[in-house]
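So the structure is just underneath, and the comments pick up after that.
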Amino acid sequence: MSQSISVVVPVYNEEENIISLYNEIKTVCENEKLLYEIIVVDDGSQDKTPEIVKTLSPLRYVRFRRNFGQTAALDAGIKSAKHAYIITMDGDGQNDPKEIPNLIHHLEANRLDVVSGWRVNRKDTFLKKFVSRGAHFLRKMLINDGIHDSGCTLKIYKHKCFDNISLYGEMHRFIPALLKIKGFRIGEIPVNHRPRTAGKTKYNWRRTVKGFIDMVSVWFWNKFAARPLHLLGGIGLFILFLAFISAVITIKEFIEGKGMSESAWPLLTTFLFLAGIQLFISGLIADILIKNYFETTKDVYYAIDSTEEF
């Protein structure tokens, strides 16, 4: 192989795993004759990880001032990457570096932009598997990116995938979905998944909740990034329609001589009318903000594959 790759590894308190993982990555890259760089992003480790990482070479070491989360670490590592392909993997040793050649081959053989690892036989606890299955079900309903295991960090990307993308929150799970929205070609292959042999897992219920919120954000971005008015304005108009029906009933009761003080329809009409107007105006404001966002940043809601002249 003659490919050039940047391997991005976010770590947090992985003093017991980082040396063996680094050596595995280095061995695979050298055996495959790859032009490579290994980027370790330290997400504010409090153990001996910093001291250990500084003994490894060749390596680029990015250290955060404090713990900002895996998504931020991946974003920093990706922005630091120099080579044509970017490979991401966890720092706990559960992702197998021997899968790197398989990821590269599948990407090139199928002319893809992204290949995601699929942990078919996960070596995790029952709770993590259960939460993951639930997240997959919700993701399929809201996003449907075609990926079975979007939570697997082991992935390969073409460098151009991140020309106009920054990651926030827990968005690293939804990178394939974000890229698919922009028209990049996404693929997936089964990969070996190993049990954690040292250290403690960093996953907890807070990350699950944050991930769900970010999933909703990706859904909104997928459906209404260019025109949020279509969603908010549409809901607002529907509520205004309900307000109109409620108003008709209110007028009918008034004509029939029923006391308005004893009826809930006037109050309901007012509430629906104000809610509908508020949602519609929110849609207009969001529409303006989205236009300003695209005009003042380098981001666009589309991606150009190539430009040719004949």
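Odds and ends about this structure:
- Within region 178-194, the residues that satisfy the criterion of being in contact with a helix residue (DSSP H, G or I) (Cβ under 8 Å, 6 or more places away or on another chain) and within 19 Å of Leu167 (Cβ to Cβ) are Leu178, Leu179, Ile181, Phe184, Ile186.
- Of all residues in region 93-112, those that are within 29 Å of Asn13 (Cα to Cα) have Cβ atoms under 8 Å from Cβ atoms of residues that are of a type in the set (Gly, Ala, Ser) and surrounded by fewer than 22 Cβ atoms within 10 Å (Cβ to Cβ), 6 or more apart or on another chain, in Gly93/Ser20; Gly93/Ala198.
- Positions within region 160-173 being assigned to a helix (DSSP H, G or I), closer than 14 Å to Gly69 by Cβ and not charged (D, E, K, R), in sequence order: Met171, His172
- Only listed residue being of a type in the set (Phe, Trp, Tyr), buried (at least 16 other Cβ atoms within 10 Å of the Cβ) and touching a strand residue (DSSP E or B) at 6+ places or on another chain (Cβ under 6 Å), chosen from Tyr22, Tyr36: Tyr36
- Of everything listed in (1) closer than 19 Å to Ile156 by Cβ; (2) crowded, with 23+ Cβ neighbours inside 10 Å, the single unmet condition for Arg60 is (2).
- If you go through region 115-174 and pick out every residue that is touching a Lys or Arg at 6+ places or on another chain (Cβ under 7 Å), modelled with pLDDT of 80 or more and of a type in the set (Asp, Glu), you end up with 1.
- Selection over region 248-289 of residues that are over 30 Å from Arg227 (Cα atoms) and not hydroxyl-bearing (Ser, Thr, Tyr) gives a count of 17.
The values are calculated or read from the model by the stated rules, or taken from the named source; none is laboratory data. What you are looking at is a predicted structure, and each value in this text was computed from that prediction instead of being measured. Heads up, the Cβs are rebuilt from the backbone with ideal geometry, glycines too, and the neighbour counts pull from every protein chain shown.
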